[in-house]
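Peer 1: Below is the structure I would like to discuss, written out as structure tokens.
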Amino acid sequence: MAVQARERLLDAAEKLFYDQGIRAVGVERILTESAVGRASFYRHFTSKEALVVEVLTRTDERWRAWLRATIESYRVPASERPVALFDALGEWLDGAGYRGCAFINAMIEAADRDSPIHEVVVAHKNAVTDYVQQLLIAAGRDDHATLAPELMLLIEGALVTSVREGSSEPATRAGRIARTLLARQPDPRDAVRRRLRVVTGGMG
């Protein structure tokens with residue numbers, strides 16, 4: 001029963017926070033929607049902020065698992081998977097109601113960069129960037145360290161623009177830009193410079 005109550009709280013909070021915003025939703029509303037009592041709430045979470053962090057942590061795990069599974073389901077070669085990211089993003093936006101990224105939304109509401117909410121958002125974005133870099137490495141890109149954050153900028157831009165336009169089309173446009181970036185061949189001298197920095201301990 002305790003596990004069920006905790007899951008009901010998380011499910012209700014996740015939906016309410018995404019649909020209406022974190023600040024707009026109070027603990028009482030979450031208790032009503034989840035049919036969980038106040039005492040039970042505080043047995044599971046020390047505060048509303050702790051609940052937000054747990055919701056985002058669970059969302060991060062689920063979303064990244066979904067992203068990996070979706071890209072694998074496309075059955076495209078490794079060289080095409082970095083662009084397939086944007087197909088997956090468009091697919092997700094079509095089902096998300098164009099309310100954007102729960103993590104970007106949370107970061108905007110939690111203005112304090114030292115807050116636990118901000119920290120869990122940063123951890124999510126770093127984990128997604130790492131996954132993008134893994135795809136680029138598998139695709140044989142020597143410039144993966146440069147390309148990964150560039151593709152993340154496109155992903156973030158598509159997420160925000162989708163809210164403004166009410167469409168998944170920004171993901172398609174971002175995918176076209178990504179293909180152009182990927183068509184750019186890395187300068188071989190960059191790889192030499194990276195190796196030199198490793199050999200010299202980062203000096204020079």
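Peer 1: Less than 10 Å Cβ to Cβ from Ala127, Lys/Arg counted +1 and Asp/Glu -1: what total charge do the surrounding residues give?
Peer 2: Counting the neighbours of Ala127, the net charge comes to -1.
Peer 1: Also, quick follow-up: By how many degrees, between 0 and 90 and to the nearest 10, does the Cα long axis of helix 81-96 differ from the longest principal axis of the chain?
Peer 2: For 81-96 against the chain, the angle is about 20 degrees.
Peer 1: Need one number: nm distance between label points at Arg176 and Tyr74, each 7 Å from Cα along Cα→Cβ, rounded to one decimal.
Peer 2: 1.7 nm
Peer 1: Quick check for you: with a 1.4 Å probe and neighbouring chains kept, what is the accessible area per residue of the chain, in Å²?
Peer 2: 55 Å²
Peer 1: Rounded to the nearest 500, what is the 222 nm mean residue ellipticity of the chain from helices alone, with -39500 (n - 2.57) per DSSP H run of 4+ residues and division by all residues?
Peer 2: -25000 deg cm²/dmol
Peer 1: Another question, if that's okay. On the protein heavy atoms, probe 1.4 angstrom, tell me the percent of accessible surface of region 1-54 carried by carbon and sulfur.
Peer 2: Of all accessible area on region 1-54, carbon and sulfur atoms account for 54 percent.
Peer 1: For the peptides 127-135, 17-25, 68-76, what is the packing order when you average, over each peptide's residues, the other Cβ atoms within 10 Å and list the highest mean first?
Peer 2: Averaged packing, sorted descending, gives the order 127-135, 17-25, 68-76.
Peer 1: Further question: By how many degrees, between 0 and 90 and to the nearest 10, does the Cα long axis of helix 48-73 differ from the longest principal axis of the chain?
Peer 2: 40 degrees
Peer 1: Rounded to whole Hz and in sequence order, give me ³J(HN,Hα) for region 138-154 from the Karplus expression 6.51 cos²θ - 1.76 cosθ + 1.60, θ = phi - 60°, writing x for Gly and Pro.
Peer 2: 5, 7, x, 8, 6, 9, 4, 5, 7, 5, 4, x, 5, 5, 5, 4, 5
Peer 1: How much net charge surrounds Pro116 when only other residues with a Cβ under 12 Å from its Cβ are counted (Lys, Arg +1; Asp, Glu -1)?
Peer 2: -3
Peer 1: If you work out Rg and Dmax of the Cα atoms in Å from the coordinates, which of (1) 20.0, 63; (2) 20.0, 67; (3) 17.5, 48 do you get?
Peer 2: Working out Rg and Dmax of the Cα atoms in Å from the coordinates points to (1).
Peer 1: Now a separate question. What does the extension gain come out to for Asp19 and Arg99, with contour length at 0.36 nm per residue minus their alpha carbon separation?
Peer 2: Roughly 28.1 nm would be gained on extension.
Peer 1: While we're on this one: Could you tell me the center-to-center distance, by alpha carbons, between region 118-135 and region 20-58 in angstrom?
Peer 2: If you average the Cα positions of each part, the centres end up 25 Å apart.
Peer 1: Continuing with the same structure: All other residues with a Cβ under 14 Å from the Cβ of Asp11 taken together, and with Lys, Arg as +1 and Asp, Glu as -1, what is their net charge?
Peer 2: That works out to +1.
The values are calculated or read from the model by the stated rules, or taken from the named source; none is laboratory data. None of the values given here were measured: they were computed from a predicted structure. Cβ atoms come from the backbone with ideal geometry, glycine included; neighbour counts cover every protein chain shown. Accessible surface areas use protein heavy atoms only, side chains included; no ligands, DNA or RNA. Shrake-Rupley method; radii C 1.70, N 1.55, O 1.52, S 1.80 Å.
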